[in-house]
Amino acid sequence: MADLVRFGISLEKELLAKFDKHIKEKNYPTRSKAIGDLIRENLVKKEWKEGKEVVGAITLVYNHHRRELVNRLTDVEHDFHRLVISSQHIHLDEDNCLEIVVVKGKPGEVEELASSLKATKGVKHGSLTMATTGKGIV
Ligand code: NI
């Protein structure tokens, strides 16, 4: 485990009360864990802005009866094959499919892939979870 450092933080009473309520709702065991996560979240945002290597998950929901759509999504994934680590397909019901594409690469390229997939006609919902390789943060 990394060395721990204790330090004091001065905050408005009302702000701290709101924070405590918020982290209780989020099931955080301690303020330290919650503050550490806020710092890490910001460092990950910075990684995406600075263009360092990042990882992410693109989630898509679509109707598989639209064959052209399925082919188009496959074409886009092949165009960006260097970024795609894995792709998981889940049959949600008779019509709807959920696809999770795990990606790794430069933020700009990952975002381009995500928006190309989301923008494909017939995709009902698409989202990109911006995560980290974990190398740059504790
Ligand atoms: Ni399916």
Task: Which listed residue, of Val84, Val5, is β-branched (Val, Ile, Thr), out of contact with any Pro (no Cβ under 8 Å at 6 or more places or on another chain) and modelled with pLDDT under 95 - done: Val5
Open item on the list: Any residue at all in segment 74-88 that's of a type outside the set (Ser, Thr, Tyr) and in contact (Cβ under 8 Å) with a residue 40 or more places away in the chain?
Closed with: yes
TODO: Count, please, the residues in segment 4-35 that happen to be more than 20 Å from Val138 (Cβ to Cβ) and small (Gly, Ala, Ser).
DONE: 3
Open item on the list: Going through Glu68, Glu77, Glu94 one at a time, which residue ends up being more than 10 Å from the ligand (Cβ to nearest atom) and open to solvent by 40 Å² or more (accessible area, probe 1.4 Å)?
Closed with: Glu68
Task: Gly134 being under 28 Å from Ser32 (Cα atoms) and of a type in the set (Gly, Ala, Ser) - done: yes
TODO: Any chance you could count how many residues in segment 97-106 are open to solvent by less than 40 Å² (accessible area, probe 1.4 Å) and over 18 Å from His65 (Cα atoms)?
DONE: 3
TODO: Within segment 55-65, work out how many residues are more than 12 Å from the ligand (Cβ to nearest atom) and of a type in the set (S, T, N, Q).
DONE: 1
Task: Top-ranked residue of segment 80-91 - restricted to ones that are within 14 Å of the ligand (Cβ to nearest atom) and surrounded by 12 or more Cβ atoms within 10 Å (Cβ to Cβ), ranked as nearest to Leu43 (Cα to Cα) - done: Ser87
Open item on the list: Looking at segment 107-131 only, could you name the residues that are within 16 Å of the ligand (Cβ to nearest atom) and surrounded by fewer than 18 Cβ atoms within 10 Å (Cβ to Cβ)?
Closed with: Gly122, Lys124, His125
Task: Checklist (1) out of contact with any Lys or Arg (no Cβ under 6 Å at 6 or more places or on another chain); (2) open to solvent by less than 60 Å² (accessible area, probe 1.4 Å); (3) modelled with pLDDT under 95 applied to Ile137, failing item - done: (1)
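The values are calculated or read from the model by the stated rules, or taken from the named source; none is laboratory data. This one's a predicted model, so the numbers in the text were calculated from it and none came from an experiment. In this analysis, Cβ positions are derived from the backbone assuming ideal geometry, glycine residues included, and neighbour counts consider all displayed protein chains. Note: areas computed on protein heavy atoms with side chains; ligands, DNA, RNA excluded. Shrake-Rupley method; radii C 1.70, N 1.55, O 1.52, S 1.80 Å.
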